[in-house]
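The values are calculated or read from the model by the stated rules, or taken from the named source; none is laboratory data. Because the structure is a prediction, the values reported are computed rather than measured. As a convention, Cβ positions derive from the backbone with ideal geometry for all residues, glycine included, and neighbour counts pool all protein chains shown. Each accessible area value is taken on the protein alone, full model and side chains, heavy atoms only, with ligands, DNA and RNA left out. Shrake-Rupley method; radii C 1.70, N 1.55, O 1.52, S 1.80 Å.
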Amino acid sequence: MMSALIAPELVALDADLGTDKHDVIRALAQRVAGSGRATDLDALVADALAREEVSATGLPGGLAIPHCRTSGVDEPVVAFARLSPPVDFGGKDGPADLAFLIGAPAGGDATHLTILTKLARALARPEFGQTLRETDSAEQAAQTILDAVGDAPAAAKSATPEPAPAQAAEEKRTLVAVTACPTGIAHTYMAAEALQAAAARAGVEIAVETQGSAGATPLPAETIARADAAIFAVDVGVRDRSRFAGKPLVSSGVKRPIDDADAMIAEALAAAADPNAARVESGRGDSSESAGTASESWGGRTRRVLMTGVSYMIPFVAAGGLLIALSFLLGGYDITDVYGAVMVDNTLTNLPDVQALGLDHALFDSGLAVYLGALFFVIGKTAFMLFIPALAGYIAYAIADRPGIAPGFIMGALAANLFGVVNADGVPAPATGFLGAIAGGVLAGVIAHWVSGWRVPSWARGLMPVLVIPLVTSILAGLVMIIVLGKPINWLMEQLTDGLAALDGTSAVALGAVLGLMMAFDMGGPLNKVAYSFAATGVGAASLAADSPELRIMAAVMLAGMVPPIALALATVVRPQLFTPAEHENGKAGWLLGASFITEGAIPFAAGDPMRVIPAIMVGSAVTGGLSQLLDVGVRAPHGGIFVLFAVTNVLGYLIALAAGVIVGAGMVIALKSLGRAPVPAAATS
C-alpha cells in the first residue's frame, strides 16, 4: 500500500534551514530520509538541485516548489517547511517563506506532473497559503497539503458559492499544447511541466502532448475539439498539426514556457477571445494565416524547419554509418568489391570462401564474418542512401505537415540521384547532395503548403492529400529541381569536393578549427548540425581511401563534438569549488556523454553560465578539430565516439587530439570561472 504523500514528521514550522536554497533542499531531503521515505538521500538531493539549476522554482507570493524525479524515492513524497528567515528560490517578488520539496520516483512521470499541477492549483488560492502561515500544528499543515493534493479540488468546488455566469465561463476555458525539441526529452518535458503549472495557477485546464524523442501519446480528438486555443512550444515541426486546424494559436520555441509559461497561458487566453488571432491552418485554405506567422520570427521558423529535417535525418546517418563501419570491421575494406556476390550466392549454411574472394583483411579469415559483413554493408548502405531523402522529406513536413512528406522525399531522392540515372556513356545525372536536399525540401514544402490552400469542392477534398497535393507538388518541384537547380547546385558541390581534396597543411587545420568552433558553439543546435551534416555526407562513399579528406573531416567533427562534455566533467574534478552540486552531478554524466559523442551533455553548464562556458569549450573544440586534421586522423563511422575506434585511422592521433582539446577546454573553463567570481560555498558542494 502506498504511503501518505506527507506526514507530520515531514513538516517543519518556523524553521531556520539555512541561508540559501541548497541548504533548504538538503534539510528537507534529510527530513524525508529521517522518516524512512528516501532510499538514497544523496540521489534525492542531487536530483532536486539539478532540477533547480535548470530553472528556478520560486513562485509569486513567497512560495517555492523544488521538485525532481529521482531514484532516491520509491513513492511520491512531499516535505514542507515554513521558513524563518525566508530564502531566495528565484521568485520574481522576493524570497520564499513556504517551501515544498516534491520527490517522485524516477519512472513516475504522470504522478509527478499530477502532484505539481494540483499543488500549484492549491497555491493559487490565497486561503491555502494563509492556512499554512497561521497554523501552529504540523499535523494540521500536513492535512492541509493532503487535502489540496488529494481531494481538495472537488471539495473546494462544492464548498465554493456558485459563480456568476461570466466567471463560470472563465473557469471552463481549456487549452491544448504541444511541446517538442529536436533531440532528447529534457526541454520537451520541462516545457510541458511549466505550462501545466502555469495553467493551474491561472485556473485553466490544459492538456499537453509531449512529442519527445521517445515518441508521443496523441491528445484525444475530443480534447482538441473542446479546447479554446492551442500552444505550440516547439523547435521542430508539430506532428499531425492539422488535428488542431482552426484553433487560435500561440507559438514559440520550446524554451520560452520554461522561462515565461504564465505569459504564454495569458496570450493563449487572449487569442481565444480574439477573432483576428493567428490560427492553425486547416490545410484546405480555410485560414490564410499560417500557424505561427504572427508570433514566430523568420529566423525562428527557418531554424525550426531545418532542425526538423536534421532531427529525423540523424537516425538514418547513425544506423547506416555504423553498420558500414561494422561491415569493414568484419569483412575488411575490400568487402565493397564483393558484397553483392556474397549476399546473392551465399547463406549461413554456405559461407563464402575468404581466400577465393581475395579478402585479406577479413576478421579471423572467417567466412561467417565476411557473410555478416556483406549483409551489414547492404543494410547500412541502404539506410545511408535514405538520409538525404529523409532530410528533404522532413524539411517539407515542417513547412506543410503531412502533405509535404512524399514530395519532399522525392526531391531528396532526386538530390541523391537515388534512381542512378546515367547517360549512354555512364555519366550520372547531377547529384546535388545535402545542399540539394535542403533546397528541394524547402521547395516541396512551400509548394505543398500552397496547393493545400486551394479552395476545392467538398467532394474533391478527400483527393487533395492522397492525389492532388503530392502529384502537383512533385511535378512542379521536380521540374524546378532538375531544370533550374540541378546543375548549379551540382557545380557547387563539385567545387566543394575539389576544394576538400585540395586541402592540405594549414588550410586543412583551419577547416578543422572552424568545424570545432561550430560544434561547440550551440551544442546540438543549428550550427552544430550543419557541421555534422557536412561531415556525415562524405562518410557514405565506401570507396574512400583511408586518407580521404571526407574521413578526416568526419574525425574532426566527431572529436570536436566530444570535447565540451568531457572538458566540463574534468573541470568539475580539478576545481570542484567553482561548480554547484547540480553541475557536479552533470559532470559525472558528462564523461560518458562526451565519450559517446553527445555534445548536448554540455548544455546544463552553458545554460547556467554561458558567457564563461561557451567561449571556453569553443577554444577546446577548435584545438581538437585543428589537431585532428594536422595528425591526419580519419573516421569511417558518423557516430559513436570512442566506441568506434575500430573505424578510426591513426588511433593514437585520435586520442592525442581529444586529450589536448579536453585539457585546453577544461583549463579555459577554470580560468574564466575563476575571474571575478567567488567560489561556490563549501556547504553547497559538500
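Each label point is 7 Å from the Cα along the Cα-to-Cβ direction; what then is the distance between the points at Ala659 and Glu9, in nm?
With each label placed 7 Å out from Cα toward Cβ, I get 5.2 nm.
Determine, for each peptide in 453-465, 302-314, 642-654, 354-366, the mean count of other beta carbons within 10 angstrom over its residues, then list the peptides with the highest first. Could the numbers behind the result be given before it?
Details: 453-465: 11.8, 302-314: 22.9, 642-654: 17.5, 354-366: 15.5.
Highest mean packing first, the order is 302-314, 642-654, 354-366, 453-465.
For Asp274 and Asp20, what is the calculated FRET efficiency with R₀ set at 25 Å and r taken between the beta-carbons, to the nearest 0.05?
Values: r = 43 Å, r/R0 = 1.72.
E(calc), rounded to 0.05, equals 0.05.
Amide H neighbours of Leu13 under 5 Å, at least 5 residues apart or on other chains, H built in the peptide plane: list them.
Arg82
Order these peptides, 668-674, 270-276, 192-198, 602-608, by their mean beta-carbon neighbour count within 10 angstrom, highest first.
Details: 668-674: 19.4, 270-276: 13.1, 192-198: 24.7, 602-608: 22.4.
Ranking the peptides 668-674, 270-276, 192-198, 602-608 by packing returns 192-198, 602-608, 668-674, 270-276.
Pairs to check: Lys247/Lys529; Lys21/Lys247; Lys255/Lys381; Lys255/Lys487; Lys381/Lys588; Lys487/Lys529. Give those whose C-alpha atoms are more than 29 Å from each other in this structure. Please list the in-between numbers first.
Details: Lys247/Lys529 33 Å; Lys21/Lys247 41 Å; Lys255/Lys381 37 Å; Lys255/Lys487 40 Å; Lys381/Lys588 36 Å; Lys487/Lys529 26 Å.
The pairs that break the limit, which is 29 Å between Cα atoms, are Lys247/Lys529; Lys21/Lys247; Lys255/Lys381; Lys255/Lys487; Lys381/Lys588.
Multiply the residue gap between Ser507 and Asp147 by 0.36 nm, knock off their C-alpha separation, and tell me the result in nm, one decimal place.
Between Ser507 and Asp147, full extension yields 122.7 nm more.
Could you report the range 349-389's accessible area per residue, 1.4 Å probe, as an integer in Å²?
On the way: 2110 Å² over 41 residues.
Value for the range 349-389: 51 Å² per residue.
Suppose accessible area is computed on protein heavy atoms with a 1.4 Å probe; arrange Thr580, Thr217 from highest to lowest. Could the numbers behind the result be given before it?
Values: Thr580 20, Thr217 115 Å².
The ordering from most to least exposed comes out as Thr217, Thr580.
With θ set to phi - 60°, apply the Karplus curve 6.51 cos²θ - 1.76 cosθ + 1.60 along the range 322-335 and write out the HN-Hα couplings as whole Hz, x wherever there is a Gly or Pro.
3J(HN,Hα) across the range 322-335, in whole Hz: 5, 5, 5, 4, 5, 5, 5, 5, 7, x, x, 5, 6, 4.
Give the carbon-plus-sulfur fraction of the accessible surface of the range 562-686 in %, rounded to a whole number; probe 1.4 Å, heavy atoms of protein chains only. Could you put the intermediate results ahead of the total?
Details: 3490 of 4680 Å².
Within the range 562-686, the accessible surface is 75 percent carbon and sulfur.
Show the residues, 5+ positions off or on another chain, whose built amide H is closer than 5 Å to the amide H of Gly237.
Excluding prolines and chain starts, which carry no amide H, the hits are Thr308.
Relative to a virtual label point 7 Å from the Cα of Ser84 in the Cα→beta-carbon direction, which members of the range 1-38 show backbone nitrogen distances below 13 Å?
12-17
Work out the FRET efficiency for Val427 and Gln140 from their Cβ-Cβ distance, taking R0 = 60 Å, and round it to the nearest 0.05. List each step's numbers first, then the result.
On the way: r = 86 Å, r/R0 = 1.43.
After rounding, the FRET efficiency stands at 0.10.
At 7 Å along the Cα-to-beta-carbon direction for both Asp42 and Leu527, put a label point, then send me their distance in nm to one decimal.
For the pair Asp42/Leu527, the computed spacing is 3.7 nm.
Using C-alpha positions alone, give me the convex hull volume of the range 1-99 per residue in cubic angstrom.
Spread over its residues, the Cα hull of the range 1-99 gives 87 Å³ apiece.
Using the basic label-point model (7 angstrom from Cα toward the beta carbon), what is the Asp498 to Ala356 distance in nanometres?
4.5 nm
Once amide H atoms are built 1.01 Å from N in the peptide plane, which residues 5 or more positions from Glu209, or in another chain, come under 5 Å H to H?
Counting only residues 5 or more places away or on other chains, the set is Ala177, Val178, Thr179.
Subtracting the Cα-Cα distance from 0.36 nm times the residue separation, let me have the gained length for Phe419 to Arg461 in nm, one decimal.
On the way: separation 42, 0.36 × 42 = 15.12 nm, distance 3.21 nm.
Result: 11.9 nm gained on full extension.
Expressed in nm to one decimal, what extension gain is obtained for the pair Phe646 and Leu348 from 0.36 nm per residue of sequence separation less their Cα-Cα distance? Walk me through the intermediate numbers first.
Working: separation 298, 0.36 × 298 = 107.28 nm, distance 2.49 nm.
In short, 104.8 nm is gained.
Which FRET efficiency value, to the nearest 0.05, is calculated for Ser674 and Met611 with the Förster distance at 22 angstrom and r the Cβ-Cβ distance?
About 0.95, to the nearest 0.05.
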